[in-house]
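Let me begin by presenting the structure, written as structure tokens, before commenting on it.
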Amino acid sequence: MLILPTQDARLTPYRPTGTPLTPRAPKVPLTRTAFAAAHVVSDPLRERNPWDTRPAVDWDATLAFRQQLWDQGLHVAEAMDTAQRGMGVDWPTALELIQRTMRAAKTHPMRPRVACGAGTDHKALADLTSPDTILAAYTEQAEAIEAAGGQLILMASRAFPAISASEDVYQKVYRRLIDGAQEPVILHWLGDMFDPALKGYWGSSDVAKASNFVLNLIAENPTKVDGIKISLLDQAYEENFRARLPESVRLYTGDDFNYAPLIEGDGTHYSHALLGIFAAIAPAASQALEALAQGDSATYHRLLTPTVPLSREIFRAPTRFYKAGIAYLSWLNGHQGHFIMPAGFQSSRDITHYAEVFRMADQAGLLAHPELAEARMATLLALHGIEQT
């Protein structure tokens, strides 16, 4: 039993009661494409000046985390915002991560897909003041990813809002990137709740106007667009948007609040997944998607429904700090031996949040080794002055 803090500043006893789900491969082919956006595991023994230098990465633990996602039939979205791009992880580290992951994926028996984030974060915003400079920055990363064998995710770039880019600027840059890619790309629309510097993306703060622009962009050459990931945390908006996509273009939900109904669909349309939360709830996600493929809606919801409040807590405002919850559950579940993140990002959330995540993960069957999770939680509580009796 643990003594855990609550939102009203009390300390209350909690005894884990959940039955852990056993990770396994799906028994049938999945009918939804599911990418889990995975995090990076730090190497605390080699970390120096974490706020000012490149992060030290524990490559063995980082790749092992991806292996267990692949073992469960999930694909990986690599070097995305979940991996702290622009928030502790720089482009040289991201590129090495991509290259290592691609090599590992090519030898995995499940032959998983890996889609990789191409952005402009290796350049200072002061150097990205024109369509040509933004395009050149994207192209440098895109070419490196394609050389490693990865599919491109064209990540939303802070450079566009920084110069108040018009639709014409977006059009010029994205048209060249999409048409010039070796294989169909995944577009990336990340709302400002995930990154405030992306407010007004696609040239407008009016979501309807921005939607019209990006739908027209896709319609110009749909054969070069695999899909678009949308992370706006608005179920009705996503349902309306996906109904307007060309039939061949996927909607990859990035909605970590409403993924269960969006992935199931409305009988006519459904969303695929490109989600940070899937890295944290992999057994539930994989087995729920298996049930959906078998036409078993009841099991699908039984598995995913308890994960939704957990996800909403991990992604609660300020949403951009969600990465701490992903790494925290990885630590509780034994995928890494510590709870240290690049740039000390674990400090972005408070102990009450971590206590709530612990409770909800237990209730969703997502504490793989309850005794280990309880012992590690007790250590974290002690560091915050909450001794166990």
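The values are calculated or read from the model by the stated rules, or taken from the named source; none is laboratory data. Remember, predicted model here, so these are calculated numbers, not experimental data. Cβ placement follows ideal geometry from the backbone for every residue including glycine, while neighbour counts extend to all protein chains displayed. Please note that ligands, DNA and RNA were not included when accessible areas were found on the heavy atoms of the full protein model with its side chains. Shrake-Rupley method; radii C 1.70, N 1.55, O 1.52, S 1.80 Å.
Over all alpha-carbon pairs in the chain, figure out the percentage whose distance exceeds 27 Å. Tail fraction, whole percent: 47. Principal-axis analysis of the Cα atoms of the chain puts helix 207-219 at an angle of about 60° to the longest axis. Extension gain, Val28 to Thr389, is 125.3 nm, computed as 0.36 nm per intervening residue step minus the present C-alpha separation. Taking the accessible area of the chain, probe 1.4 Å, and keeping the other protein chains in place, the carbon and sulfur fraction comes to 52%.
Quick one: grab the alpha carbon gyration tensor of segment 281-328, order the square roots of its eigenvalues as a ≥ b ≥ c, and give me rounded if a/c is under 1.5, else prolate or oblate depending on whether a/b is larger than b/c. Judged from the Cα gyration tensor, segment 281-328 comes out prolate (a/c at least 1.5, a/b above b/c). Between 0 and 90 degrees, the angle of helix 91-106 with respect to the longest Cα principal axis of the chain falls at about 80 degrees. Among the protein heavy atoms, those of Trp202 account for about 0 Å² of accessible surface (1.4 Å probe, every chain in place).
Rolling a 1.4 angstrom probe over the protein heavy atoms with all chains in place gives segment 1-154 an accessible area of 44 Å² per residue. Only protein heavy atoms count here; under a 1.4 Å probe, His335 has an accessible surface of about 70 Å². Here r is the Cβ-Cβ distance between His108 and Met193 and R0 is 35 Å; the resulting FRET efficiency, rounded to 0.05, is 0.55. Around the amide H of Arg113, modelled in the peptide plane, lie the amide H atoms of Val76, all under 5 Å away and 5 or more residues distant in sequence or on another chain. From the residues Gly276, Pro23, Ala317, which one has its Cα farthest along the dipole of the chain in the positive direction, the dipole being from +1 and -1 charges on Cβ of Lys/Arg and Asp/Glu about the Cα centre? Ranked along the dipole, the leading option is Pro23. Surface listing: Thr389, Thr223, Thr133, Thr33 arranged by accessible area from highest to lowest gives Thr389, Thr223, Thr133, Thr33, probe 1.4 Å.
Taking every DSSP bridge with both residues inside the chain, close to 15 percent are antiparallel. For segment 1-81, trypsin sites (Lys or Arg not before Pro) are listed when DSSP marks them as loop and at most 15 other Cβ atoms sit within 10 Å of their Cβ; the list is Arg10, Arg24, Lys27, Arg46, Arg48. Remark on segment 231-387: ratio of C-alpha radius of gyration to 2.2 N^0.38 Å is 1.12. In plain terms, the chain from Glu96 to Val207 could stretch by 36.4 nm, reckoned as 0.36 nm per residue minus the Cα-Cα distance. Ordered from largest to smallest accessible area (heavy atoms of protein chains, 1.4 Å probe), the residues Arg15, Arg359, Arg316 come out as Arg15, Arg316, Arg359.
In segment 13-135, the DSSP beta bridges split such that about 10 percent are antiparallel, to the nearest 5. Of Ser42, Ser347, Ser204, the order by accessible heavy-atom surface (1.4 Å probe, DNA, RNA and ligands excluded), from most exposed downward, is Ser347, Ser204, Ser42. The GNM of the chain, with springs linking C-alpha atoms under 10 angstrom apart, assigns the highest mean-square fluctuation among Ala327, Ala273, Ala94 to Ala94. Rounded, prolate or oblate: pick one for segment 188-293, where a ≥ b ≥ c are the square roots of the eigenvalues of its C-alpha gyration tensor, a/c under 1.5 means rounded, and failing that, prolate if a/b is larger than b/c, else oblate. Oblate shape, in that a/c is at least 1.5 and b/c is the bigger or equal ratio. Counting only Cβ charges, +1 for Lys and Arg and -1 for Asp and Glu, the dipole size of the chain around its Cα centre is about 440 debye. The modelled label-to-label distance for the pair Ala382/Gln68, using points 7 Å beyond Cα in the direction of Cβ, is 2.3 nm.
For Asp350 and Arg244, the difference between the fully extended length at 0.36 nm per residue and the C-alpha to C-alpha distance is 34.1 nm. Considering only Cα-Cα distances, which of the following residue pairs are longer than 25 Å: Lys106/Lys224; Lys172/Lys229; Lys224/Lys323? Flagged as over cut-off: Lys224/Lys323. Please return the longest stretch of the chain lacking exposed loop sites, where GluC sites (Glu not before Pro) count only if DSSP places them in a loop and at most 10 other Cβ atoms lie within 10 Å. Counting at most 10 other Cβ atoms within 10 Å as exposed, the longest clean stretch of the chain is 1-246.
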